[in-house]
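To start, the structure under review is shown below, and the notes come after it.
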Amino acid sequence: MRLRATFTFALAAGLLSISAMASRVHRAPTSGHSHAKHHAPTPTSKVHKLHGQQTIDAERVTAIQQALIREHYLTGEPSAKWDTDTQAAMTKFQADQGWQTKLTPDSRALIKLGLGPNHSDAINAGNGASFNQLNTPVSMPAGQAQGFMAASGVSR
């Protein structure tokens, strides 16, 4: 009998604690009950900073125009100004190559026009080295090769 009373008491206490927890209302901090003050941003409070290159140097524009003239995408003489004709010529050149046309000049287009970076002074460019060639593999001592094969589970 005493065991039954203890069990009943424990069950009742458990049910009361569950119902007490269920009746609480939890609100997210964004529900308007925050104590922090919110201010609408003023037009002068946020200054939009432009990133990246904003203009093309006149010498670079001249080089691009010369290359576009050479490839028959632009006519006339280079003006050193990134004008609508130059932009249209570059866009057409990039489109003809199957490349994107929203960002001009595209790095691939500049490289194709012969205006890409020069890597001739790179540390590994000497002695006829090419960036497109793979180095020949170095031979490994037989004992070391067997150790690698055994560790990887490969058998001969």
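Derivation of every value follows stated rules applied to the coordinates shown; laboratory data play no part. Treat the numbers as computed from the prediction; the structure is a model and nothing was measured. Glycine also receives a Cβ, built like all others from the backbone with ideal geometry; neighbour counts cover every protein chain displayed.
Candidate cross-link partners of K92 among the lysines, defined by an alpha-carbon separation under 22 Å and a same-chain spacing of 8 or more, comprise K81, K102, K112.
All Cα-Cα separations within the range 58-112 were binned at 10 Å from zero, giving a P(r) of 28, 61, 11, each value a whole percent of the pairs. Between I123 and T75, the contour length at 0.36 nm per residue exceeds the alpha carbon distance by 13.3 nm.
Each of the peptides 72-80, 90-98, 141-149 was scored by the mean count of other Cβ atoms within 10 Å over its residues; in descending order, highest first, they stand as 90-98, 72-80, 141-149.
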